[in-house]
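Report on the following structure.
The values are calculated or read from the model by the stated rules, or taken from the named source; none is laboratory data. Quantities reported herein were computed from a predicted structural model and do not represent experimental measurements. Cβ sites come from the backbone with ideal geometry, for glycine too, and all protein chains shown count toward neighbours.
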C-alpha cells in the first residue's frame with residue numbers, strides 16, 4: 001500500500017462510485033469552504049496503482065499558526081478493513097503534522113447500529129461497534145453531540161423497488177390525508193431559480209427567528225446553487241396558494257354540504273348528521289373569511305407558504321433545509337413538498353429519501369420530538385451514524401481545547 005496525494009479528478013472519480021459518498025464529501029463542498037479561508041488537500045492509498053482509500057482534507061488556520069484539519073464525512077474506504085484504516089490514519093497523522101496541523105476531525109457516513117422506525121435497535125441488524133472500537137484504539141476521541149458539525153441521527157425512507165401507491169399506502173393515515181388535503185387546496189410546489197433564492201432566504205429568516213437557530217446567509221444558498229444545480233444535484237422549492245381559487249373551492253364545498261343538509265329529512269335520526277354538516281359549514285365560513293382577510297391585508301391573491309432545499313446525489317434525496325411562514329403553517333404545505341420529492345426520487349431511480357436530521361435517542365422523546373413525528377408519518381426508519389471524532393496530532397491540541405473553551409468556541 002502507498003499513501004500519496006491525489007488529484008481532484010482522481011478523488012472525484014473514486015467518490016462517484018463509493019458506497020459512502022454523500023454531498024458533504026463532494027469536491028464542490030471544498031469550493032464553498034475555500035471562500036471562508038479553508039485550504040483543500042486530496043490524499044489516498046493505492047495498491048497496485050489502484051485507489052483503495054481516499055479523503056478530502058479541509059484545513060483552516062487557527063491560533064499560533066496551527067491548522068485544524070477536517071475530513072467531511074470521511075474517510076472513503078472499507079472501515080472493516082482494519083489494516084487499511086490503521087495504515088491510512090497513521091499516514092494522515094504524519095501528513096497533517098508536516099503541514100503544522102494539530103487535529104484531524106472525521107465524521108464518517110457509517111451507520112452505528114441499525115434501528116427501526118421507533119428508534120429501537122434491530123436485533124441481528126447492522127452493528128458497526130467494531131469500527132468505533134478501532135477508531136478509539138487509533139487515538140480518536142468522540143465529539144459530544146452538541147459540538148458535532150453534521151447531523152448524527154437521520155430518518156430515511158427506502159424507495160428502491162417501490163411505487164407511489166405502495167409508499168402512500170404505508171404512510172400514516174394522517175400524513176396521507178394531509179397530503180390529499182394540500183392537493184385539494186390547490187397548493188402548488190414550485191422550483192425556484194437562482195434569481196429567486198432571496199424568497200427562500202426570507203422564509204428561512206422568519207423561521208430561524210421563531211425557532212431560535214442561526215440562519216445561513218443568502219450567499220450560502222447562492223453558492224450551493226452555483227456549485228450543484230447545473231447537474232440537478234440541488235433544488236430549492238417554495239409552496240404557493242392561490243387564495244382566490246381556494247375560496248372558490250371552499251364556496252363550492254359549502255354549497256355541496258348545504259345541498260346535503262337539504263336532502264336530509266326532518267327525521268330525528270338525521271339530527272346528528274345535520275349538526276356535523278352545520279359545523280363543517282361553520283368551519284368553511286371561517287376559512288373563507290380568513291382567506292379574504294389575508295388577500296385584503298397582503299394585497300395579493302397568491303401567497304407563499306413555505307420553502308425547502310434538497311440535495312439530490314445518488315443514491316439518496318436529502319431534505320436539507322426548510323422553513324415556513326408561521327401564519328400559513330395550517331396549510332401543511334411541507335407534506336406536499338416531501339411527497340413531490342419522494343415521487344421525483346422514484347421516477348429518477350434514487351434508492352432512498354433521506355429526511356435528514358432528527359434528535360438523538362429518539363425513543364426517549366427528547367426535545368424537538370415533533371420534527372421526528374412529522375418525518376415518521378411518511379414511514380421509514382431511524383439511522384444512527386457513528387458520530388464525529390477528533391484525533392490529536394500534536395500537543396497543541398490540548399492547548400487549543402483550553403483556548404476554545406475560554407472563548408466559548410466549539
Q. How about region 105-142: which of its residues are farther than 30 Å from residue 394 by Cβ and buried (at least 19 other Cβ atoms within 10 Å of the Cβ)?
A. 115, 119
Q: Please find, within region 1-24, the residue that is modelled with the lowest pLDDT out of those that are in contact with a helix residue (DSSP H, G or I) (Cβ under 7 Å, 6 or more places away or on another chain) and closer than 20 Å to residue 93 by Cα.
A: 1
Q.
Here is a check on your reading of the model: is residue 184 in contact with a helix residue (DSSP H, G or I) (Cβ under 8 Å, 6 or more places away or on another chain), under 20 Å from residue 243 (Cβ atoms) and surrounded by fewer than 15 Cβ atoms within 10 Å (Cβ to Cβ)?
A. yes
Q | Every pair of residues 6+ apart whose Cβ atoms lie under 7 Å, when the first sits in region 195-210 and is within 17 Å of residue 222 (Cβ to Cβ) while the second is in a helix (DSSP H, G or I) and modelled with pLDDT of 95 or more | A | 197/218; 197/221; 197/222; 197/225; 198/218; 200/221; 201/218; 201/221
**Q.** Residue identified as in the same structural domain as residue 29 (by TED's automatic domain parsing), over 30 Å from residue 34 (Cα atoms) and over 30 Å from the mean Cα position of the chain (by Cα) among 137, 130
**A.** 137
(Q) So residue 155 ticks every box in (1) closer than 19 Å to residue 305 by Cβ; (2) crowded, with 16+ Cβ neighbours inside 10 Å but one. Which box is left unticked? (A) (1)
(Q) Being over 16 Å from residue 242 (Cα atoms), touching a residue at least 24 places away in the same chain (Cβ under 8 Å) and surrounded by fewer than 21 Cβ atoms within 10 Å (Cβ to Cβ) is the filter here; which residues of region 285-311 pass it? (A) 285
(Q) I'd like to know if region 146-163 contains one or more residues that are within 19 Å of the chain's Cα centre (by Cα), in a helix (DSSP H, G or I) and within 30 Å of residue 102 (Cα to Cα). (A) yes
Q. Any idea which of 190, 172, 181 is in the same structural domain as residue 236 (by TED's automatic domain parsing) and modelled with pLDDT under 95?
A. 181
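Give me the strands (runs of 3 or more DSSP E) completely within region 1-70, filtered to those with at least 1 residues that are without any contact (Cβ under 8 Å) to a residue 12 or more places away in the chain and surrounded by fewer than 16 Cβ atoms within 10 Å (Cβ to Cβ), ordered by residue number.
It comes to 50-61.
Conditions (1) over 27 Å from residue 206 (Cβ atoms); (2) modelled with pLDDT under 90; (3) assigned by TED's automatic domain parsing to the domain that holds residue 170; (4) out of contact with any helix residue (DSSP H, G or I) (no Cβ under 8 Å at 6 or more places or on another chain), marked per residue:
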site	(1), (2), (3), (4)
332	no, no, yes, no
344	no, no, yes, yes
359	no, no, yes, no
368	no, yes, yes, yes
372	no, no, yes, no
375	no, no, yes, yes
379	yes, no, yes, no
397	yes, yes, no, yes
Q | Exclusive hit being within 30 Å of residue 339 (Cα to Cα) and either in contact with a strand residue (DSSP E or B) (Cβ under 7 Å, 6 or more places away or on another chain) or outside any helix (DSSP H, G or I) (or both), set 103, 96, 117 | A | 117
